[in-house]
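First the structure, in the form of structure tokens, and then the observations on it.
The values are calculated or read from the model by the stated rules, or taken from the named source; none is laboratory data. Worth saying up front: this structure is predicted, and the values here are computed from it rather than measured. Heads up, the Cβs are rebuilt from the backbone with ideal geometry, glycines too, and the neighbour counts pull from every protein chain shown.
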Amino acid sequence: MDRRRFLQLATTGAGAMALPTGLLRAQPGVELEARAATLDPGRGDSLVWTINGRLPSPTLRVRQGDHLRARLVNRLQEPTILHWHGLTAPPEADGHPRLAIPAGAHYDYDFRVTDTPGTYWYHPHPHRRTAIQTHLGIAGFLIVEGDEGVDLPGGQFDLPLLLQDRRVAGDGSFSYSPSGPDLMLGFLGNTGFVNGQPLPTIDVQRARYRLRLLNGCNARILNLQLDPDPGMVAIAADGGLLPAAARIGRLMMGPAERVDILVDFSSLAEGTEVALDSAGFSIPGMMTGPMGGARGAMAGGGQGAPLPLARFRVGGAPLEPAAELPALLRQLAPITDVGALPTRQFRFESAMMRHAINGREFEMDRVDVRVGLDRPELWSFINDSALPHPVHVHLGAFRVVDRRGGRGVLMPWETGTKDTVLVWPGERVDVRVHFREHAGLYLLHCHNLEHEDAGMMANFEVVDPAGI
């Protein structure tokens with residue numbers, strides 16, 4: 001991997017936020033040390049869990065076709081393992097909780113990255129401890145580079161933005177201490193964070209930017225808007241470029257989803273401040289009462305409450321106009337075989353403090369489903385509960401085919417390839433899966449991390465079709 005690059009993303013102090021491009025070259029690999037640290041994210045010292053002492057974790061960049069070589073060193077006081085979210089990794093590199101390493105141990109990753117250029121990420125995946133380790137700080141971007149075939153903003157105009165919420169005390173510290181309602185609805189924070197800073201101001205020029213948006217929250221659904229709105233154009237999602245760009249007014253993202261948008265600040269006057277917020281919303285059918293509701297009495301106002309995230313401060317003279325986008329960003333084959341595919345149903349059930357798939361909670365050694373290698377199938381995610389569930393499938397990307405009930409339509413950012421899809425109460429979402437590259441044991445789960453840790457997760461094994 002002679003030319004691979006790993007780019008470390010850092011933030012600088014409070015107030016205006018810079019995104020320096022400090023280059024971390026690794027020959028022949030990079031070391032990622034999971035350890036506790038005391039940092040000041042902007043409102044006071046807080047104990048955080050980090051990779052290499054950074055909040056957020058370092059951003060890694062690797063070229064399509066190169067090998068990702070990394071050593072995870074565990075300096076925490078409990079087991080951990082890293083999952084490369086969205087990548088088509090072999091089973092020994094996917095971060096299944098059965099691979100978690102104890103304190104003081106290390107784990108080596110070495111696999112070829114075959115996935116489409118785009119915005120991916122990594123986070124911990126130990127059994128029943130994913131939520132706390134992610135919330136306390138271990139999460140970062142993994143950007144796969146390559147020829148996207150489209151002239152898009154790069155360099156300083158390509159901004160990865162990790163969006164999170166945390167529950168912050170008066171002294172600026174934050175912790176993870178879920179109560180009963182948190183375990184049912186998911187742990188919600190009272191303060192928005194972007195790239196590890198609370199409510200930062202980000203200096204931008206009067207130009208077009210590519211904003212790589214990642215919902216890194218444990219449980220909060222984000223309904224993103226810009227005010228004043230210079231226009232948001234969705235160009236990519238979990239698995240790379242969309243077939244066509246789509247002008248959007250708001251962007252609803254479940255935990256773990258990524259959407260890349262183009263925002264052109266050139267028409268705004270110097271000194272203009274543009275707010276990036278999660279606008280308020282309600283979810284029909286969502287449970288109500290003292291345990292929550294769309295705006296229940298929980299931290300941050302509950303699921304669906306407004307949440308400020310950041311401000312963009314516009315400066316400088318306008319730069320040259322950006323090139324027009326082509327009508328076709330990415331050629332995807334039409335889905336024509338749905339009626340002939342083997343089908344499976346996965347029912348997501350949350351009730352009485354219990355979270356399950358098809359009536360069963362996760363067991364480490366139980367194989368719930370066996371799927372033939374290179375044999376496409378149609379999977380239906382059915383939400384029988386009164387809570388939303390962002391459903392994530394390991395081992396690469398799928399195609400969203402249909403949504404029935406609830407919102408009843410596919411969103412513009414769901415027209416490409418995905419690895420996580422948001423399923424509201426009363427919805428059924430059909431996806432076409434096709435595992436082409438690796439056989440082995442993988443996971444399907446809700447990416448509300450409190451639901452996942454409580455057991456809303458299932459093992460599927462990809463096998464030789466002759467063995468089914």
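Which one of VAL393, VAL433, VAL421 is crowded, with 18+ Cβ neighbours inside 10 Å, at pLDDT 95 or above and in contact with a helix residue (DSSP H, G or I) (Cβ under 8 Å, 6 or more places away or on another chain)?
VAL421
Regarding region 51-63, can at least one residue be identified that is at pLDDT 50 or above and either more than 30 Å from GLU78 (Cβ to Cβ) or in contact with a Cys (Cβ under 6 Å, 6 or more places away or on another chain) (or both)? Let's see the steps before the verdict.
Filtering region 51-63 for residues at pLDDT 50 or above gives 51-63.
Add one more test, that the residue is either more than 30 Å from GLU78 (Cβ to Cβ) or in contact with a Cys (Cβ under 6 Å, 6 or more places away or on another chain) (or both), and what stays is 63.
Yes - at least one qualifying residue is present in region 51-63.
Inside region 295-376, counting only strands (runs of 3 or more DSSP E) that do not spill past its ends, which hold 3 or more residues that are among the hydrophobic types (A, V, I, L, M, F, W, C) and either within 24 Å of the chain's Cα centre (by Cα) or more than 18 Å from LEU185 (Cβ to Cβ) (or both)?
On the way: elements: 307-315, 343-351, 354-357, 369-372.
The qualifying strands (runs of 3 or more DSSP E) are 307-315.
Rundown of residues vs (1) of a type in the set (D, E, K, R); (2) surrounded by fewer than 17 Cβ atoms within 10 Å (Cβ to Cβ); (3) farther than 21 Å from PRO124 by Cα, yes/no style:
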residue: GLY155; (1), (2), (3): no, yes, yes
residue: GLY170; (1), (2), (3): no, yes, yes
residue: VAL204; (1), (2), (3): no, no, yes
residue: ALA207; (1), (2), (3): no, no, yes
residue: ASN215; (1), (2), (3): no, no, no
residue: ASP229; (1), (2), (3): yes, yes, yes
residue: ALA234; (1), (2), (3): no, no, yes
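Go through the residues of region 242-253 one by one and say whether even a single one is assigned to a loop (DSSP other than H, G, I, E, B) and buried (at least 24 other Cβ atoms within 10 Å of the Cβ). First the steps, then the outcome.
Pass one, region 242-253, residues assigned to a loop (DSSP other than H, G, I, E, B): 249-250.
Next cut, buried (at least 24 other Cβ atoms within 10 Å of the Cβ) only: none.
No, the conditions are met nowhere in region 242-253.
Working carefully through the options LEU39, LEU60, find the one that is surrounded by 23 or more Cβ atoms within 10 Å (Cβ to Cβ) and in the same structural domain as THR130 (by TED's automatic domain parsing).
It is LEU60.
Among the residues of region 265-281, are any under 24 Å from GLU148 (Cβ atoms) and touching a residue at least 12 places away in the same chain (Cβ under 8 Å)?
Within region 265-281, the first condition is being under 24 Å from GLU148 (Cβ atoms), and the residues that meet it are 265-266.
Retained after the next criterion (residues that are touching a residue at least 12 places away in the same chain (Cβ under 8 Å)): 265-266.
Checking region 265-281: at least one residue is under 24 Å from GLU148 (Cβ atoms) and touching a residue at least 12 places away in the same chain (Cβ under 8 Å).
Would you mind stating whether PHE174 is closer than 26 Å to TYR120 by Cβ and modelled with pLDDT under 95?
Spelling it out, PHE174 is indeed closer than 26 Å to TYR120 by Cβ and modelled with pLDDT under 95.
Only one residue in HIS123, HIS135 is touching a His at 6+ places or on another chain (Cβ under 9 Å) and at pLDDT 95 or above. Which one?
Just one listed residue meets the conditions, HIS123.
Test MET353 against the stated conditions and say whether it is at pLDDT 95 or above and outside the structural domain of LEU224 (by TED's automatic domain parsing). Steps first, answer last, please.
Numbers: at pLDDT 95 or above: no; outside the structural domain of LEU224 (by TED's automatic domain parsing): yes.
Answer is no for this residue.
Condition check ((1) over 25 Å from CYS217 (Cα atoms); (2) touching a helix residue (DSSP H, G or I) at 6+ places or on another chain (Cβ under 8 Å); (3) of a type in the set (D, E, K, R)) across all residues:
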| residue | (1), (2), (3) |
| --- | --- |
| GLU92 | yes, yes, yes |
| ARG98 | no, no, yes |
| VAL113 | yes, no, no |
| THR119 | no, no, no |
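State all residues of region 377-421 that are in a loop (DSSP other than H, G, I, E, B) and of a type in the set (Asp, Glu); if no residue qualifies, say none.
Within region 377-421, ASP384, ASP419 qualify.
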